[in-house]
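Structure first, then comments.
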There are 2 protein chains.
Amino acid sequence: MNDRHELDKRKAFILATVVYEYIATAEPVGSNTLTQKYNLGVSSATIRNEMAELETLGYLVQPHTSAGRVPSDAGYRTYVDRLMPAESLPSDDARRIRDQFRAASRELSDVIEQTTRMLSSLSKNLVFAVAPSRDTHAFKNIQLIWLSPRTALAIVVTSMGVASQTAVEWHADVPADDLTRLSNALNARLSGRIMEDIVNADLSAVAAELQISDELRAAVTSAFQNARQNEEPQLAASGTQNLLDQPEFHDLRKLRSILSIVEEQKTLYDLVAESIKPDADVTTPMVKIGRELREDAMAECSLVTVPYRFGDRGVGMIAILGPRRMPYARLMALASGTADSLGAYLDDVELR
Amino acid sequence: MNDRHELDKRKAFILATVVYEYIATAEPVGSNTLTQKYNLGVSSATIRNEMAELETLGYLVQPHTSAGRVPSDAGYRTYVDRLMPAESLPSDDARRIRDQFRAASRELSDVIEQTTRMLSSLSKNLVFAVAPSRDTHAFKNIQLIWLSPRTALAIVVTSMGVASQTAVEWHADVPADDLTRLSNALNARLSGRIMEDIVNADLSAVAAELQISDELRAAVTSAFQNARQNEEPQLAASGTQNLLDQPEFHDLRKLRSILSIVEEQKTLYDLVAESIKPDADVTTPMVKIGRELREDAMAECSLVTVPYRFGDRGVGMIAILGPRRMPYARLMALASGTADSLGAYLDDVELR
DNA sequence: GCTGGCAGTCGTAGCACCAGAGTGCCAAGC
DNA sequence: GCTTGGCACTCTGGTGCTACGACTGCCAGC
């Protein structure tokens, strides 16, 4: 199992064909089906011997004695990593994705939700997406609004809309003019920066330059902290009804546990959260298969995830959840196409 | 069918018992079951005759010749309207609802979502809720921020947070002082008012009083319009997995169409939208049964809806969707208890 | 008007049975 | 030494049959 060359060409081809056929038909594949449908050049008896070996190697399993073979997690894994031909995004799908983002709302959570809807309809699977946290928005401007000599309202606006309003107060009088000067200086200096990159040093530098009081500086700091404060991770899901079309979910107990997980959101989030890394290579989709998901309820599921970027960093994830028997190459192409478009959309919105 | 007195006492009791028993067991009810389980004082043959009459009257139906009886839409309707004993909210449930709102988030959409989660777990059915539209929030304050002599930013804040920011510009110079005076006057005059009650006349009155230019007045009007602009109706749903426990949803085709409707949201919204009336009597739950829902996919469902209020008007809906065979009295008590608490919560947040 | 009895209907659970698909193994052949 | 046809064996799923049980509707008698 450890030697990646243990599979000779014929075994690899047979494994690939079994996976391909099983994905297409959802029926265990037998040696006869294989020889009849595919041009293998050898008889079914030979295939039988090879398949028996593939089974002892752990790539195939038999649901019961007199049935054909079905891929194991390891079988799918090898297929995805080494055997499967890559697919590119069909132009129809590409167009639909483009159109979706052209008509997209400006409300971030709506965009994320519409994206999952579109992708679940294209992929015929369950799709979910994690929205960028406020940390990753671009700072647009801050307004310090003088209410009285000792109170003010601080409103922070990011590329995705208003992030927070904070009421601030202090012990010494602050002239209204100071607030205006500070607002303007902060906006001139920091506009366009990513929220999480704006550290206290930046704020202090501006405050020092303008000779602003410590109390006022502290107020600004807390306004920024407030704006960055991480709300619940926003997660949208769509396409649960697609699962019902798959025979593996006709078992109501399995279906129920999957639905619970989807509604609960936390488990879904944990599944993809580890992959949201700012510096990650953001173009490659990742695949987790069956038990790799570490969830009993999902032992028969696979997950395709792909991060999307804003600017030059990964800020969120798009994920397609379906049966292990899913068209991996197609879904990977769909997911990364969508992620690219979503990233481009986010960049575009920021520029407006 | 039109004469509400067509049912004598005994028929009414039999109908009520059949509905009650069927709700409990999900099995068609026969005359023997009835005489054995309930003390009717007559023999099963008499019950048979009565049931046959109830069937010709349209209250009961027989799934097939040799089965017991099952209530029809009309049967459930009569049960709900006239036969069913009212239930009050068990103190356990009341406590759980109270605790939920005590710990509730301040973000409106989170509160609505958490409410549906709690109620779906209490009711063991599918729950959805429509969030109040911005129109029904209470106005808190407006800030007109002077950016340059001819441009400004208008930020409208309601009881539920920031509603909108609008960039405004004009052709004649506007002194910064005018903006401050206007902001303060508007806040003093309008704070606490419901957004949809704030009409142009209110704004004009203030502007006239302060001798403010027409252009500036127009800018304020557009800021308010922007803040009231109706986004997509916000709808949260929870508890789809509960449906799987009901035998009527074991049919995958039915289940699929219900799931589609729930995800699509629009149909759900239409089902309850008509009942969101500001001036409606906001304490009584309403019930729609089977075909009354006017959706083929929901012919075997019932819906309990109850509006919740903010201040003295209905602003949103809570709805419980389940099989027609649902414990109506219990769910009605649960729904209105939750609606009351949600209303109280909204009032409370507004005061803070 | 109520009741017990009875014939009749219908769905379902259980059972046996068979066909079909697929395997593993073996002995012969290239 | 790999490949192959043949063959016995296994297991599932569908079909047809029967028996049973749960009802009903109707009727004659109280």
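The values are calculated or read from the model by the stated rules, or taken from the named source; none is laboratory data. Just so you know, these numbers come straight off a predicted model, no measurement behind them. Ideal geometry is used to build each Cβ from the backbone, glycine not excepted, and the neighbour counts take in all protein chains shown.
The table below lists the values:
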read-out: Among residues of region A:61-87, those that are within 9 Å of DNA strand C (Cβ to nearest atom) and within 36 Å of the chain's Cα centre (by Cα), counted; value: 3
read-out: Flag if A:ALA16 is within 15 Å of DNA strand D (Cβ to nearest atom) and either more than 14 Å from chain B (Cβ to nearest Cβ) or more than 21 Å from A:ALA335 (Cβ to Cβ) (or both); value: no
read-out: Failed criterion for B:LYS124 (all others in (1) touching an Asp or Glu at 6+ places or on another chain (Cβ under 8 Å); (2) within 14 Å of chain A (Cβ to nearest Cβ); (3) more than 29 Å from B:ARG106 (Cα to Cα) hold); value: (3)
read-out: Residue within region A:168-177 that is farther than 26 Å from B:ASN141 by Cα, among the charged types (D, E, K, R) and at pLDDT below 90 present; value: no
read-out: Scan of region A:321-343 for residues that are under 22 Å from A:LEU293 (Cα atoms) and not hydrophobic (A, V, I, L, M, F, W, C), ordered by number; value: A:GLY322, A:PRO323, A:ARG324, A:ARG325, A:PRO327, A:TYR328, A:ARG330, A:SER336
read-out: Count - residues of region A:33-42 that are near DNA strand C (Cβ under 10 Å from one of its atoms) and exposed (fewer than 13 other Cβ atoms within 10 Å of the Cβ); value: 1
read-out: Residues of region A:99-112 satisfying the condition of being facing chain B (nearest Cβ under 9 Å) and in contact (Cβ under 8 Å) with a residue 12 or more places away in the chain; value: A:GLU107, A:SER109
read-out: Check on A:SER121, closer than 30 Å to A:LYS288 by Cα and among the small types (Gly, Ala, Ser); value: yes
read-out: Residues (among the charged types (D, E, K, R) and crowded, with 19+ Cβ neighbours inside 10 Å) located in region B:125-159; value: B:ARG134, B:LYS140
read-out: Residue check, B:ARG48 in contact with a Ser or Thr (Cβ under 6 Å, 6 or more places away or on another chain) and near DNA strand C (Cβ under 10 Å from one of its atoms); value: yes
read-out: Considering residues of region A:213-247 that are more than 13 Å from every other protein chain (Cβ to nearest Cβ) and surrounded by fewer than 19 Cβ atoms within 10 Å (Cβ to Cβ) only, the residue farthest from A:GLU300 (Cα to Cα); value: A:SER213
read-out: Test: residue in region A:294-304 that is within 14 Å of another protein chain (Cβ to nearest Cβ) and touching a residue at least 12 places away in the same chain (Cβ under 8 Å); value: yes
read-out: Hey, B:LYS254 free of Cβ contacts under 8 Å to residues at least 24 places away in the same chain and either outside the structural domain of B:MET160 (by TED's automatic domain parsing) or touching a Leu at 6+ places or on another chain (Cβ under 6 Å) (or both) or not; value: no
read-out: Residue within region B:323-332 that is at pLDDT 95 or above, touching a helix residue (DSSP H, G or I) at 6+ places or on another chain (Cβ under 9 Å), crowded, with 19+ Cβ neighbours inside 10 Å and among the aromatic types (Phe, Trp, Tyr) present; value: yes
read-out: The one condition in (1) away from chain A (no Cβ under 13 Å); (2) surrounded by 18 or more Cβ atoms within 10 Å (Cβ to Cβ); (3) at pLDDT below 95 that B:ALA280 fails to fulfil; value: (2)
read-out: Failed criterion for B:GLN143 (all others in (1) in contact (Cβ under 8 Å) with a residue 24 or more places away in the chain; (2) over 39 Å from the mean Cα position of the chain (by Cα); (3) within 20 Å of A:ARG181 (Cβ to Cβ) hold); value: (2)
read-out: Residue in region A:261-272 that is of a type in the set (Ser, Thr, Tyr), in contact with a Leu (Cβ under 9 Å, 6 or more places away or on another chain) and more than 14 Å from chain B (Cβ to nearest Cβ) present; value: yes
read-out: Leading residue by the ranking (farthest from DNA strand C (Cβ to nearest atom)) among those in region A:1-32 that are under 15 Å from A:ALA74 (Cα atoms) and in contact with a Gly (Cβ under 7 Å, 6 or more places away or on another chain); value: A:MET1
read-out: Criterion violated by B:LEU271 - all others in (1) within 30 Å of B:ASP197 (Cβ to Cβ); (2) among the aliphatic types (A, V, I, L, M); (3) without any contact (Cβ under 8 Å) to a residue 40 or more places away in the chain satisfied; value: (3)
read-out: Cross-chain or 6+ apart pairs with Cβ under 9 Å, region A:59-83 first and closer than 18 Å to A:GLU6 by Cα, then acidic (Asp, Glu) and more than 14 Å from DNA strand C (Cβ to nearest atom); value: A:ASP73/A:GLU292; A:ARG77/A:GLU292
read-out: Selection count, region B:24-35, where residues are more than 9 Å from DNA strand D (Cβ to nearest atom) and more than 15 Å from B:VAL61 (Cα to Cα); value: 3
read-out: Subset of region B:43-54 that is surrounded by fewer than 18 Cβ atoms within 10 Å (Cβ to Cβ) and touching a residue at least 12 places away in the same chain (Cβ under 8 Å) - its residue that is nearest to B:THR78 (Cα to Cα); value: B:GLU53
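Listed here are the residues, each with its yes/no results for (1) within 14 Å of chain A (Cβ to nearest Cβ); (2) aliphatic (A, V, I, L, M); (3) touching a residue at least 40 places away in the same chain (Cβ under 8 Å); (4) not in a strand (DSSP E or B).
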position	(1), (2), (3), (4)
B:ALA152	yes, yes, yes, no
B:ALA167	yes, yes, no, no
B:HIS171	no, no, yes, yes
B:THR180	yes, no, no, yes
B:SER183	yes, no, yes, yes
B:ASN187	yes, no, yes, yes
B:GLU196	no, no, yes, yes
